[in-house]
Amino acid sequence: MSEIQVLIKPASGMCNMSCDYCFYRDETFKRTQHSYGFMTEQTLKNVIRKTMLQAEGAITYAFQGGEPTLRGLNFYKKAIEFQQQYNKNHIRVQNVFQTNGYALDNEWCHFFREHNFLIGLSVDGTAKIHNTFRHTRNGKDTFDRILRASQRLDEYGVEYNILTVVTNQVALDISEIYQFYKERGWRYQQYIACLDPLREERGNMQYSLTPELYGNFLVALFYLWYQDLQAGNQPYIRQFENYVGMAAGYMAESCEQRGVCGIQNVVEADGSVYPCDFYMLDEYRIGNFNTDLLNQIYRRRREIGFIEESQKLNLKCSTCRFYQLCRGGCQRNRECNADTGLYANYLCEAYQMFFEACYDKIVGIAGNILQDNMLTE
Ligand code: SF4
Ligand code: SF4
């Protein structure tokens, strides 16, 4: 078995904030057991032991929620201990921690720095936009506190990415947001299209992102980024970097951009495993790290045909002139046609708008990179 990705939810779906669009809260209410409470150290040990002993080369542990800080710092100190104890094959270990930042104090930051954690910090643009949908459980604003958390991370020299959920508000104000991130020195940015509730009609929520808004957002962001790229001063925006990499012949790092679901192990607090964060429902449960071996979990993944389902793209995609870069997007945004059993992406119109405007530029950037590589070889 080669590199392994493990995404762990130590506090199940529990959170110290209450964001209106939280996709995980929506999922937990669509399964039999809403919350699995806190993960025990014994379960954590089983997860780390069973994955580390099988991995080759590298392994990534991403702690996520709900809000992972709720499980307390000692849990993560234990995680480091278990990683050291079971790293018999001397593989590279990367720890990632995705947080809303609400509870980050000096002690957390010190720990992250000491153990080289890569942090994903959720911020939705400027104060006004962030506070629209991201609040405390009592409905209070959270932006100022999150900004202080980012300053703390800076002080301790912790590496972090800004994770921004693209709601309709973010899409409309992307120029202002881009400028604000620049002023803050937030150079590593990841934009995630906001999801409507699973299996419900799309576009009805206050935060809903329509294909048209998303298309306009992608084009506007790309042009801002492209302008800075020409000045040699662009931030790292994961989606665009991936498109350029794909145009240069490399594989995208994220499954959303590869067009096919990847092999992920997403672990709930009780040790149950699911194939993707977006599908942590009863019918997608593929095992439990307390009782099953990794091989059994992988076998069950094949049995439910999770990855295979994402290969059933409709004819529009397979004949699309942008397919090489778009690849039909993330399966979570696709809808199945009951007659053909094939999938089409709800955001297709957005991708068409984006690639119409930016495809040639992406290919051009990739060409320049390949040329530079040849000259330096
Ligand atoms: S649904 Fe999307 S995020 Fe989940 S594995 Fe498939 S492509 Fe990846
Ligand atoms: S632009 Fe639309 S049709 Fe073309 S590959 Fe993407 S999702 Fe499919």
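The values are calculated or read from the model by the stated rules, or taken from the named source; none is laboratory data. Note that this is a predicted model, so its numbers are computed, not measured. In this analysis, Cβ positions are derived from the backbone assuming ideal geometry, glycine residues included, and neighbour counts consider all displayed protein chains.
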Return yes when A220 is of a type in the set (G, A, S) and touching a helix residue (DSSP H, G or I) at 6+ places or on another chain (Cβ under 6 Å) and no when it is not. yes
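With L325, L293, L281 as the choices, which residue is near ligand 2 (Cβ under 9 Å from one of its atoms) and within 28 Å of Q64 (Cβ to Cβ)?
Working: L293 fails: near ligand 2 (Cβ under 9 Å from one of its atoms); L281 fails: near ligand 2 (Cβ under 9 Å from one of its atoms).
Of the residues listed, the single one that is near ligand 2 (Cβ under 9 Å from one of its atoms) and within 28 Å of Q64 (Cβ to Cβ) is L325.
Would you mind finding the one in G262, G271 that is within 18 Å of D292 (Cβ to Cβ), small (G, A, S) and touching a helix residue (DSSP H, G or I) at 6+ places or on another chain (Cβ under 8 Å)? Give the steps one after another, and end with the answer.
Values: G262 fails: within 18 Å of D292 (Cβ to Cβ).
Of the residues listed, the single one that is within 18 Å of D292 (Cβ to Cβ), small (G, A, S) and touching a helix residue (DSSP H, G or I) at 6+ places or on another chain (Cβ under 8 Å) is G271.
Is it fair to say Q239 is modelled with pLDDT under 95 and under 25 Å from L198 (Cβ atoms)? Walk me through it before giving the result.
Details: modelled with pLDDT under 95: no; under 25 Å from L198 (Cβ atoms): yes.
Considered against the rule, which asks whether it is modelled with pLDDT under 95 and under 25 Å from L198 (Cβ atoms), Q239 comes out as no.
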Give me a count of the residues in region 239-267 that are of a type in the set (D, E, K, R) and more than 13 Å from ligand 1 (Cβ to nearest atom). 1
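Return the residues of region 231-252 that are β-branched (V, I, T) and assigned to a helix (DSSP H, G or I); say none if nothing qualifies. Reasoning before the result, please.
Of all residues in region 231-252, those β-branched (V, I, T) come to 237, 244.
The answer is V244, and nothing else.
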If I go through region 348-357 residue by residue, how many of them are surrounded by fewer than 21 Cβ atoms within 10 Å (Cβ to Cβ) and either within 16 Å of ligand 1 (Cβ to nearest atom) or of a type in the set (D, E, K, R) (or both)? 2
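Would you say R334 is modelled with pLDDT of 95 or more, within 23 Å of Q189 (Cα to Cα) and within 16 Å of ligand 2 (Cβ to nearest atom)? Steps first, please.
Details: modelled with pLDDT of 95 or more: yes; within 23 Å of Q189 (Cα to Cα): no; within 16 Å of ligand 2 (Cβ to nearest atom): yes.
Criteria not met by R334.
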Which count do you get for residues in region 202-230 that are touching a Cys at 6+ places or on another chain (Cβ under 7 Å) and not in a helix (DSSP H, G or I)? 2
Within region 331-347, how many residues turn out to be crowded, with 19+ Cβ neighbours inside 10 Å and hydroxyl-bearing (S, T, Y)? 2
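State yes or no: is N314 near ligand 2 (Cβ under 8 Å from one of its atoms), farther than 22 Å from N242 by Cβ and either within 23 Å of the chain's Cα centre (by Cα) or buried (at least 20 other Cβ atoms within 10 Å of the Cβ) (or both)? Outline the logic, then answer.
Values: near ligand 2 (Cβ under 8 Å from one of its atoms): yes; farther than 22 Å from N242 by Cβ: yes; either within 23 Å of the chain's Cα centre (by Cα) or buried (at least 20 other Cβ atoms within 10 Å of the Cβ) (or both): yes.
Judged against the criteria, N314 is a match.
In region 32-46, what residues are among the charged types (D, E, K, R) and buried (at least 16 other Cβ atoms within 10 Å of the Cβ)? Before the answer, list the steps.
Taking region 32-46 first, the residues among the charged types (D, E, K, R) are 41, 45.
Selection gives K45 alone.
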Which pairs turn up if I take residues in region 272-293 that are free of Cβ contacts under 8 Å to residues at least 24 places away in the same chain and look for partners that are part of a loop (DSSP other than H, G, I, E, B) and within 13 Å of ligand 1 (Cβ to nearest atom) with beta carbon separation below 8 Å, at least 6 apart in sequence or on another chain? Y274/M280; Y274/L281; Y274/I286; Y284/P275; Y284/C276; I286/P275
Assuming S122 fulfils every condition listed in (1) farther than 25 Å from T210 by Cα; (2) modelled with pLDDT of 95 or more apart from one, which condition is it? (1)
Every listed condition ((1) of a type in the set (A, V, I, L, M, F, W, C); (2) within 30 Å of V166 (Cα to Cα); (3) buried (at least 17 other Cβ atoms within 10 Å of the Cβ)) holds for F29 save (3)
By residue number, the members of region 268-316 that are within 13 Å of ligand 1 (Cβ to nearest atom) and assigned to a loop (DSSP other than H, G, I, E, B) are P275, C276, M280, L281, I286, G305, S310, Q311, K312
For residues that are over 21 Å from the mean Cα position of the chain (by Cα) and under 12 Å from L172 (Cβ atoms), scanning just region 121-138, find the one that is surrounded by the fewest Cβ atoms within 10 Å (Cβ to Cβ). K128
Inspect region 339-352 for any residue being over 22 Å from the mean Cα position of the chain (by Cα) and more than 16 Å from ligand 2 (Cβ to nearest atom) and give the result as yes or no. yes
Could you pull out every one of the helices (runs of 4 or more DSSP H) wholly within region 103-196 that has 1 or more residues that are closer than 16 Å to C19 by Cβ and among the aliphatic types (A, V, I, L, M)? 127-133, 143-155, 168-172
Filtered residue count, region 1-21, keeping only those that are within 23 Å of C255 (Cβ to Cβ), in a loop (DSSP other than H, G, I, E, B) and among the aliphatic types (A, V, I, L, M): 1
